[in-house]
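> Pasting in a structure now, in structure tokens, and then I'll have a few things to ask.
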Amino acid sequence: MPGAMTPARVARGMRLRMRMLRHRGDAVVCPICSHGFSCFRDDWNRPNAICWRCGSHERHRLLWLYLERHPQLLAEAGSLLHFAPEWCLEQRLRRTPDLRYVTADIDPAKGELQLDITHLALSDGSFGAILCSHVLEHVEDDRAAMRELSRVVALGGWAIVMVPLDLGRETTHEDPSIRAPADRERAFLQSDHVRLYAPDIADRLGEAGFDVAREQFTRTLGPELAARYACIVEDEIFLCRKQA
């Protein structure tokens, strides 16, 4: 049965509780699950990254803080399509009052809707809002995906796009001839990435039909809060509006 308390699940829960106890403190706080710790768990390529309780990464915490500080976004959306949903955010978004929340992924095991982001089987203006975080860097034809996001958002609605960014670049780096996993990791940060974006992603989103605001939200938190939530400056938010 889904949710049954199997021995393996009980053991995982006990291990999680023990890790939380070992790292209890208040040096860092996760705004998604509200738990504090002496530090966050290290990721494979950086320290102090992952919440011991809910598994949030830096970008998830930044996005949640942004939504909390801009409550009108969710309050006025009506419906939200969330691509490649992260468990930590999904748990909070499902509890948002008066919001029809739907998850989607190309893998049918990971979302309520199985969708190819470059060819969405959805009607025009289907959703008032879309979340698309760390998806487009995996998509060969990202411009087609952006056009589909613009088509599916209702007039007056919005989409939030986040991607890994190299703030030292002026233009996005992509080379279809780079195919080997090790070469892609060197060029694009991960073996399953097909490009490394620069801030000029805003131009591509604009060409797809959005009015784009580049939100450097970490900078607005200030150094103390950014450290407390373990947010990083490279995580920026592109707020894309579909003007009526």
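> If you line up the Cα atoms of the range 59-241 on their principal axes, what length do they span on each, largest first, in Å?
46, 44, 31
> Let me ask something additional. List the residues whose amide H sits under 5 Å from the amide H of His82, counting only those 5 or more places along or on another chain, with H placed 1.01 Å from N in the peptide plane.
Residues meeting the amide H criterion: Val102, Thr103, Ala104, Leu131.
> Can you work out the Karplus-derived ³J(HN,Hα) for every residue in the range 206-220? Use 6.51 cos²θ - 1.76 cosθ + 1.60 with θ = phi - 60°, whole Hz, and x for glycine or proline.
x, 5, 7, x, 9, 8, 10, 10, 8, 9, 8, 5, 4, 5, 6
> For a test of the definition: using alpha carbon positions, the gyration tensor, and the 1.5 limit on a/c, classify the range 1-155 as rounded, prolate or oblate.
Numbers: a/c = 1.89, a/b = 1.70, b/c = 1.11.
Taking the square roots of the gyration eigenvalues as a ≥ b ≥ c, the range 1-155 is prolate.
> Right, another one. I want the antiparallel fraction of DSSP beta bridges within the chain, as a percent rounded to 5. Please report the intermediate quantities before stating the final value.
Numbers: 16 of 34 bridges.
Rounded to the nearest five, the antiparallel share is 45 percent.
> Give me the net charge for the shell around Gln216: Cβ to Cβ below 12 angstrom, other residues only, Lys and Arg +1, Asp and Glu -1.
On the way: positive: Arg214, Arg219; negative: Glu215, Glu234, Asp235, Glu236.
Taking every Cβ under 12 Å from that of Gln216, the sum is -2.
> As I understand it, the dipole of the range 59-241 uses +1 on the Cβ of Lys and Arg and -1 on the Cβ of Asp and Glu, about the Cα centre. Which of Val153, Leu62, Leu165 lies farthest toward its positive end?
Ranked along the dipole, the leading option is Leu62.
> Leu122's amide H: which non-local residues (gap 5+, or another chain) put their own amide H closer than 5 Å, with H modeled 1.01 Å from N in plane and none for Pro or chain starts?
When sequence neighbours closer than 5 places are left aside, there are no close amide H contacts.
> Now for a separate question. With θ set to phi - 60°, apply the Karplus curve 6.51 cos²θ - 1.76 cosθ + 1.60 along the range 152-161 and write out the HN-Hα couplings as whole Hz, x wherever there is a Gly or Pro.
Rounded to whole hertz, the list is 7, 6, 5, 4, x, x, 8, 10, 9, 10.
> Are there trypsin sites (Lys or Arg not before Pro) in the range 27-100 that DSSP marks as loop and that have at most 10 other Cβ atoms within 10 Å, and which are they?
Numbers: sites: Arg41, Arg53, Arg59, Arg61, Arg69, Arg92, Arg94, Arg95, Arg100; in loops: Arg53, Arg94, Arg95.
Loop-located and lightly packed - Arg95.
> Can you compute the charge dipole magnitude of the chain about its Cα centre, using +1 on each Lys and Arg Cβ and -1 on each Asp and Glu Cβ, nothing else charged? Give it in debye, rounded to the nearest 20.
With Lys and Arg at +1 and Asp and Glu at -1, about 1360 debye.
> For the range 164-172, take each phi angle, set θ = phi - 60°, evaluate the Karplus expression 6.51 cos²θ - 1.76 cosθ + 1.60, and give the result in whole Hz per residue in order, putting x for glycine and proline.
Taking θ as phi minus 60°, the curve returns x, 10, 9, 6, x, 9, 8, 10, 4 Hz for the range 164-172.
Where a number appears in this text, it was derived from the coordinates with a stated rule and is not lab data. Note that the coordinates shown come from a computational prediction; the quantities given were computed from them, not determined experimentally. Note: ideal-geometry Cβ built from the backbone for every residue, glycine included; neighbour counts use all protein chains shown.
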